[in-house]
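The structure appears below as structure tokens.
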Amino acid sequence: MDVRAKAVRSGAVGKPLPHDSAHLHVSGTAAYTDDIPEPRDLLHVAVGMSSKAHARILHIDLEDVRSADGVVYVFVAGDIAGSNNCGPIVHDEQILATDTVEYVGQAVFAVAANTVDQARRAARLARIDYEELEPILDLMTAVQKESFVLPSETITRGDARSAIDSSPHRLQRRLELGGQDQFYLEGHIAMAIPQEDDGLLVYSSTQHPDEVQHLVTKAIGREAKDVVCICRRMGGAFGGKESQAATIACIASLMAVKTGRSCKLRLDRDHDMIMTGKRHDFVIDYDVGFDDSGRIRGIEFMFASRCGISADLSGPVNDRAMFHCDNAYFLENLKITSHRCKTNTVSNTAFRGFGGPQGMFAIEYVVEDIARHLGVDALDIRRRNFYGIGERDTTQYGQKVEDNILEPLFDRLELSADYRSRREAIREFNRSSTVLKRGIAMTPVKFGISFTSTHLNQGGALIHVYRDGSVHLNHGGTEMGQGLFIKVAQVVADELGVPIDQVRLNASDTSKVPNASATAASSGSDINGKAAQIAARKIRDRLTAFAARHFSVSEADVDIAGGIVTIGDRALEFAEFIQLAWFDRIALSATGYYKTPKINYDRKTFSGRPFFYFAYGAAVCEVVVDTLTGENRILRVDILHDCGDSLNPAMDLGQVEGGFVQGAGWLTSEELWWNADGELMTHAPSTYKIPTCSDLAPDFRVELLQNAANREDTIYRSKAVGEPPLMLALAVFHALRDAIAADATTAPPLRAPATPEAILDALQGGAR
């Protein structure tokens with residue numbers, strides 16, 4: 001018998017265990033970067049920002065800054081010894097501006113002082129003379145002027161134009177889709193502490209410690225061995241700390257090197273929202289041809305996305321939008337053109353879903369328009385266009401949809417949500433109600449899981465078993481509240497056969513697990529769980545072989561579970577057994593390395609298998625709209641989501657609920673608005689509305705799909721759950737469209753976010 005395949009679960013995996021830091025969160029004792037005890041020599045750093053959207057810097061006078069109370073040091077771009085670059089992929093974004101500023105809020109200089117207040121007050125004393133240049137603030141202006149951060153890309157399949165032209169029905173429309181601020185509770189922060197022999201320790205609130213280490217190293221002109229980056233936990237991130245945490249860490253680190261003192265940079269909420277990137281807003285054009293049944297025969301999309309002044313992660317974000325503009329539907333004849341627009345606004349970046357939500361928004365809008373045009377229920381149009389099994393099963397990028405569970409998942413939710421009878425009840429309500437109108441929608445999610453950059457699909461882990469039987473665990477993932485750490489600990493507990501409270505989770509640390517990918521793309525559990533499993537099985541195999549040899553039994557007679565080691569007819573406490581193994585010089589530490597199998601992708605041709613598997617889900621949402629004010633409420637939500645064999649149902653349910661609410665905020669209330677001078681005016685909780693408890697549906701039903709093990713060999717056959725649930729909120733947007741179109745034969749244009757103002761515009765025929 002293969003002993004490695006014999007791993008006996010102690011019962012941790014699959015249990016709804018609480019978050020490992022839950023008791024610390026509720027007691028206020030969870031330590032974040034700003035809670036780390038401050039060194040006695042600590043300086044506080046502030047950033048001087050541009051007040052212009054696009055301008056040449058003629059002169060910078062920093063004398064008042066340098067002479068301000070408490071100021072110790074000030075530096076500008078010319079003082080950076082290493083590379084003045086914080087671009088994660090394309091080296092096109094400066095840490096500090098040199099000759100030209102390109103958005104309001106761009107960092108121009110940094111100042112260090114003895115207190116936070118002194119640093120921030122001093123930063124406001126700079127006198128900068130500008131020669132203003134014409135900014136590009138509008139997406140379609142960027143398209144017309146061919147202002148792009150990256151070349152435009154196209155995916156084609158079949159002959160979309162001919163299919164559209166020959167179709168019995170045709171629709172065209174332009175859609176407006178807003179961006180979204182990550183609005184994490186903990187803002188961007190980094191603390192850099194000089195170490196002996198030119199070393200540097202950086203504490204950063206980051207999803208990607210390796211990237212912070214890499215860019216800090218380049219900025220200060222040293223090597224990776226000289227810089228260690230640590231992150232124990234984040235107070236939220238949602239993609240906003242994948243690439244852009246590095247800029248904050250670079251500034252703090254440069255100041256630490258310049259002064260020889262510990263330095264901390266913490267952005268306040270206003271500056272954080274002004275200085276850091278968000279979800280890309282899109283302008284989308286579609287042209288679709290379809291038959292009398294509503295089946296799509298041909299479709300063309302034009303995507304124009306606001307990337308800001310640099311590429312940042314806009315390339316893969318827009319690629320994923322192109323990959324997900326099919327969502328759950330087979331599109332036989334398709335053309336997608338994607339413009340990555342350069343605008344004089346902050347460089348946008350990763351956000352939960354990473355372009356997938358924007359692509360799905362487009363196709364779901366199309367499906368709803370088709371349904372309204374034909375006078376049939378949108379649910380039926382969705383079903384007629386679903387991917388098939390064994391036919392109509394290949395995506396526009398050439399990957400077969402091998403794990404399709406759309407139909408049975410839809411069947412179950414349609415029944416449990418009582419969709420058909422509620423649809424009839426809503427029709428009756430709308431006939432008799434003049435002002436209040438109700439709407440309902442049921443939408444699917446099919447979301448690809450893996451980084452589309454193949455090389456990022458790798459991870460590592462480090463495990464120590466100490467002589468007393470306790471376990472130390474490190475892996476390359478980061479904890480931002482999603483429950484990754486407890487999930488990986490559950491895996492290790494089961495693989496080593498010890499109780500979960502015997503496993504201690506430790507901070508993400510580049511000196512322990514190097515070269516780790518970002519915790520992103522919903523891959524945290526997949527990659528790090530597998531890496532930890534491999535490391536744990538190495539130790540378990542050594543222990544099993546030792547026990548068999550030491551007690552003269554076969555390896556098949558050795559079992560480790562529940563903190564007990566059973567060897568034939570003997571039973572030892574795990575700690576006692578570990579002592580024996582240590583005395584026999586058995587290695588009790590191991591590293592694990594995992595790379596995702598089966599994936600291959602050629603970006604030049606946009607073809608291959610970029611995703612290991614797909615995660616699925618569906619949501620039904622019912623809303624009511626006041627047609628006089630545009631105010632609205634979500635009345636009921638039903639969700640059925642596919643997590644495979646869940647590692648931790650409590651964590652997964654939380655992710656589904658939170659993802660849905662965050663998606664609803666993006667599509668209904670979270671509005672980013674820049675004025676004519678390129679200033680972001682919605683840069684605080686007072687002007688930017690995220691959902692609150694009062695916005696939740698009073699009837700909120702969430703269920704994880706049962707008996708739905710992942711067909712691929714993921715960690716215990718689970719599925720990713722970080723990003724896919726956000727797209728379930730498309731049901732909210734389309735329920736609102738359903739409500740405002742209750743008395744119309746065609747669906748009026750509704751822009752997102754569907755604020756009360758946007759709803760009123762739609763009710764008035766799209767007037768602005």
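Read-outs throughout are calculated quantities, based only on the coordinates presented, and are distinct from any laboratory measurement. Quick caveat, the model's predicted, so the values are computed rather than measured. Cβ atoms come from the backbone with ideal geometry, glycine included; neighbour counts cover every protein chain shown.
Figures for the structure shown
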quantity	calculated
Of 514, 546, 480, farthest towards positive along the dipole that unit charges on Lys, Arg, Asp, Glu beta carbons give the range 463-562	514
Proxy reagent accessibility, fewest Cβ within 10 Å first, across 582, 674, 666	582, 674, 666
The range 569-643 shape via C-alpha gyration tensor axes, a/c threshold 1.5	oblate
Ranked list, fewest to most other Cβ atoms within 10 Å of each Cβ, for 300, 495	300, 495
Per-residue ³J(HN,Hα) for the range 52-58, Karplus 6.51 cos²θ - 1.76 cosθ + 1.60, θ = phi - 60°, Hz, x for Gly and Pro	10, 6, 7, 6, 7, 8, 8
Residues with amide H under 5 Å from that of residue 481, placed H, sequence gap 5 or more	234
Percent RCO, i.e. relative contact order, over the chain, from Cα pairs under 8 Å lying at least 6 residues apart	16
Unsatisfied cross-links (Cα-Cα over 28 Å) in the set 512/595; 241/446; 335/689	335/689
Karplus 3J(HN,Hα) series, Hz, for the range 610-616 with 6.51 cos²θ - 1.76 cosθ + 1.60 (x for Gly, Pro)	x, 10, 5, 7, 10, 9, 10
Exposure proxy ranking, count of Cβ atoms within 10 Å, fewest first, for 627, 33	627, 33
The range 620-699-the range 309-355 distance, computed between alpha-carbon centres (Å)	21
Dipole magnitude of the range 593-674 about its Cα centre (Cβ charges: Lys, Arg +1; Asp, Glu -1), debye to nearest 20	680
From the coordinates shown, Cα extents along the principal axes in Å corresponds to which of (i) 118, 81, 67; (ii) 98, 95, 61; (iii) 81, 74, 48	(iii)
Under-5 Å amide H pairs with residue 100, H placed in peptide plane, nonlocal only	57
Spatial separation of Cα centroids for the range 584-617 and the range 450-499, in angstrom	15
Dipole magnitude of the range 392-483, debye to nearest 20 (Cβ charges: Lys/Arg +1, Asp/Glu -1, about Cα centre)	520
Test item: Cα-centred dipole of the chain, Lys/Arg +1 and Asp/Glu -1 on Cβ, debye	1000
Ellipticity estimate at 222 nm from DSSP helix runs (n ≥ 4, -39,500 (n - 2.57)) divided over the chain, nearest 500	-8500 deg cm²/dmol
Listed residues 630, 123, 175: farthest to the positive end of the dipole of the chain (Cβ charges)	175
Selection from 283, 201, 328 lying farthest towards where the dipole of the range 185-336 points positive, charges on Cβ	201
³J(HN,Hα) computed for each position of the range 231-236 - Karplus, 6.51 cos²θ - 1.76 cosθ + 1.60, integer Hz, glycine/proline x	9, 7, 7, 10, x, x
Under 5 Å, built H, 5+ apart or other chain: amide partners of residue 268	none
